[in-house]
Amino acid sequence: MCGIVGYVGKRDLIPVLVGGLRKLEYRGYDSAGVAFLKDDRLNVVKCKGRLTNLEEKLGGVSVEGSIGIGHTRWATHGEPSDINAHPQTNAVGDLAVVHNGIIENFRQLKSWLQAKGIRFVSETDTEVIAHLVNYYYEGDLRSAVLKAVKMLEGSYAIGVICLNEPDRIIGAKKDSPLIIGLGKGENILASDFPALLEYTKEVYILEDNEVAEITENSIEVFDTLGNRVEKEVFKVDWNLDQAEKGGWEHFMIKEIHEQPVAMHDTLMARLHDDRIDLSEINLNEEIIRSITGIKIVACGSAYHAGVLGKYVIENIGRIPVDVDIASEFRYRMPSPILSENELFIVISQSGETADTIAALREAHKKGAKVIAITNVKGSTVSREADFTMHTQAGIEVAVATSKGYLTQVLCLYMIAAEIGRIRKTITEEEYSAFIDNLKRIPDCLREILKEKGQIQQLAASRFSDVHEFFIGRGMDYALMMEGSLKLKELSYIHSETYAAGELKHGPIALIEDNTLVMVLATQEALIDKVVSNIREVKARGAFVVAMTMNRYAEKFEHDSDLIIRLPDIDDMFAPILAAVPYQLYGYYTAVNKGCDVDKPRNLAKSVTVE
Ligand code: F6R
């Protein structure tokens, strides 16, 4: 959470910092600020609220040929306010720091500094860093930062400037991402690629405990002992227009519509002669034959992708799959259990989720080889995993995921197919049919998107709901976890996902007249069971919206208030299609309620704190 940017070069740095922060707003957006050198002073402008407030406060100032740092915040220590916004400074105000992460020992450090007479003005942990660097400063900012970061426990990516050294920015990181864009006569520090794309696609990716000294013509990186580290240039393959709305009202709806292409690209990247090639994750015949189980660990929607993957892999590959939430897995007492010959998979769109990274490291400690499914090349997950399968979703800007999630699901389907083929739990004919179905998905998604009017109407009629239920059985239940999350995070309507057969064990008490129950029923073998569950909620007054394929629709006509029809596809693949109407439903409900769809309250896209 939190986005940081730093610029050194000849341009007017205000548009570079503010433009960069706009691209990083997905990381947090409760306050923003910049610090820059101008007129022989260190100037700090910051305020609570969105970037537009900051722009207003900056009042069109221009700052050419100087240095500056900027920050967009997701509050961890202290409420969103002007004072708690970053940058934070030392007492005399000639040194400024922006920070992403959490300093866990900040109370001890604060007391230590206070005992030396230093007065704090904010409630942030970041202010400790500013005072610490100042404390160690003896005319060399880099060595002061090096000494200060050695005192820090927790996670940080920081950018530091000071008046005495007006030609350089110091950056440092541990457990939070930080990259440096390589320009000509200018260099840019940032939390993530989109902030740099307008200026360069060549970057250095800082590793933990590295400290960088950045001037307009040089970038030097050092380890904790102060030794120079040689960095390799990483080339970003994303385009700037992927990070723009391109005529759409919101990134969310743009990204929902990008799914046919994202799915096509993700599939085609590893489909050769109608065979799935998983050599990138080293899933060769020997490994697939030797594994006895699979553990998938992730957070949020990526976890939901894992749960759906479990159903598919167990069905096709007949291997037990255990799916765990990363924040739970990492703290399993006394330590997580990883069995020998268990394949370990982490899933993360951003590749920077703190708990997922910690789970990956935990698995490494136990000697496991880690496979990652991630969307961001060069991310921490992608760099630290032993093998990585990159989803081809392109940049995802909206805070709530859509194409990120669906492409993760697709990767798991591909893994399932390969396991099934190699372990001979499916026949060659079934494997070919599986591939054919995967190839059909982009067109089916296009068809669904064309019919979005029905979902729009439903959303328009239900946006005043207080709570809703999302139920299904088997794979449909897994998909409903994601459907329900989309509604709650985008529209703030409380929604519960339940396995349809579980409802009567308690939650059915909440069903009353007109309670909306969304039902997904795409698995022929389970339809009669689901219809019984529909009857149970109908008998208590529920308004039932059933989603199924055209060919099963009539089975729901009698008991449902509305039927949403999916294109006919093999049952196994229908949950993939079903994701889209629920994304649209969450989106249109939120639009009807006037919610900030791309940046839902209290959320941040990249959850880099635990
Ligand atoms: C929900 C959403 C989150 C993320 C979760 C994990 O729409 O986007 O639940 O899925 O924070 O993020 P990644 O996949 O980046 O690890």
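Things to note:
- Computed E for Glu340/His364 - FRET, C-beta separation, R0 25 angstrom, nearest 0.05: 0.95
- Protection proxy ranking, highest mean first, for peptides 113-122, 431-440, 318-327: 318-327, 431-440, 113-122, where packing is the per-residue count of other beta-carbon atoms within 10 Å, averaged.
- Approximate spin-label separation Glu56-Lys593, in nm, with each point projected 7 Å along Cα-to-Cβ: 2.6 nm
- DSSP-loop trypsin sites (Lys or Arg not before Pro) across region 548-610, with at most 13 other Cβ within 10 angstrom: Arg601
- Highest average packing first - 42-51, 205-214, 75-84, 484-493, Cβ atoms within 10 Å: 484-493, 205-214, 42-51, 75-84
- For Ser327, net neighbour charge (Lys/Arg +1, Asp/Glu -1) across residues whose Cβ lies under 9 Å away: -2
- Which of Met252, Met389 has the fewest Cβ neighbours within 10 Å, and the rest in rising order: Met389, Met252
- Proximal lysines to Lys488, defined as alpha-carbon separation beneath 21 angstrom and excluding residues fewer than eight positions away on the same chain: Lys254, Lys403, Lys452, Lys593, Lys599, Lys605
- When only alpha carbons are used to place a centre, region 3-67 and region 212-267 end up 20 Å from one another.
- The chain, helix-only ellipticity at 222 nm - DSSP H runs n ≥ 4, -39,500 (n - 2.57), divided by all residues, nearest 500: -11000 deg cm²/dmol
- Under the simplified labelling scheme, the Leu240-Val466 pair shows an inter-label distance of 5.0 nm, with each label point 7 Å from Cα along Cα→Cβ.
- Average projection, convex hull of the Cα set of the chain: 27.9 square nanometres.
- Full extension of the chain between Gln454 and Glu138 yields a length gain of 107.1 nm, computed as 0.36 nm times the residue separation minus the alpha carbon distance.
- Relative contact order for the chain, counting Cα pairs under 8 Å that sit 6 or more residues apart, in percent: 12 percent
- Pairs of alpha carbons in region 241-448 whose separation is greater than 32 Å (percent): 14 percent
- Calculated over region 149-300: convex hull of Cα atoms, volume per residue (Å³): 225 Å³
- Taking region 241-448 and dividing mean pair separation by its residue count, relative contact order in percent (alpha carbons under 8 Å, at least six apart): 30 percent
- Computed extension length for Tyr492-Thr292: 67.9 nm, one decimal, from 0.36 nm per residue of separation with the Cα-Cα distance subtracted.
- Computed from point charges on the beta carbon alone (+1 for Lys and Arg, -1 for Asp and Glu), the dipole magnitude for region 241-448 about its Cα centre is near 500 Debye.
- Long hydrophobic helices in the chain: the complete DSSP H runs spanning 15 Å or more by Cα along their own axis with mean Kyte-Doolittle hydropathy of at least -1.0 are 13-24, 126-136, 300-317, 354-365, 403-422, 428-450, 475-491, 527-538, 574-593.
- Using the Cβ-Cβ distance between Asp528 and Asn105 with R0 set to 51 Å, the FRET efficiency works out to roughly 0.30.
- Sequence of Glu512, Glu418 once ranked by neighbouring C-beta atoms within 10 Å, starting from the fewest: Glu512, Glu418
- For region 278-380: relative contact order, % (alpha-carbon pairs under 8 angstrom, 6 or more apart): 29 percent
- Modelled label positions at Lys377 and Glu230, each set 7 Å beyond Cα in the direction of Cβ, lie 2.3 nm from each other.
- Net length gained if the chain between Asn550 and Phe120 were fully extended (0.36 nm per residue, minus Cα distance): 148.3 nm
- Going by neighbour counts of Cβ atoms within 10 Å, the residues Ile170, Ile67 line up, fewest first, as Ile67, Ile170.
Laboratory data are not the source of any read-out in this text; all were calculated from the coordinates shown. What you see is a predicted model, and the numbers here were worked out from it, not measured in a lab. All Cβ positions, glycine included, derive from the backbone under ideal geometry; neighbour counts span all protein chains shown.
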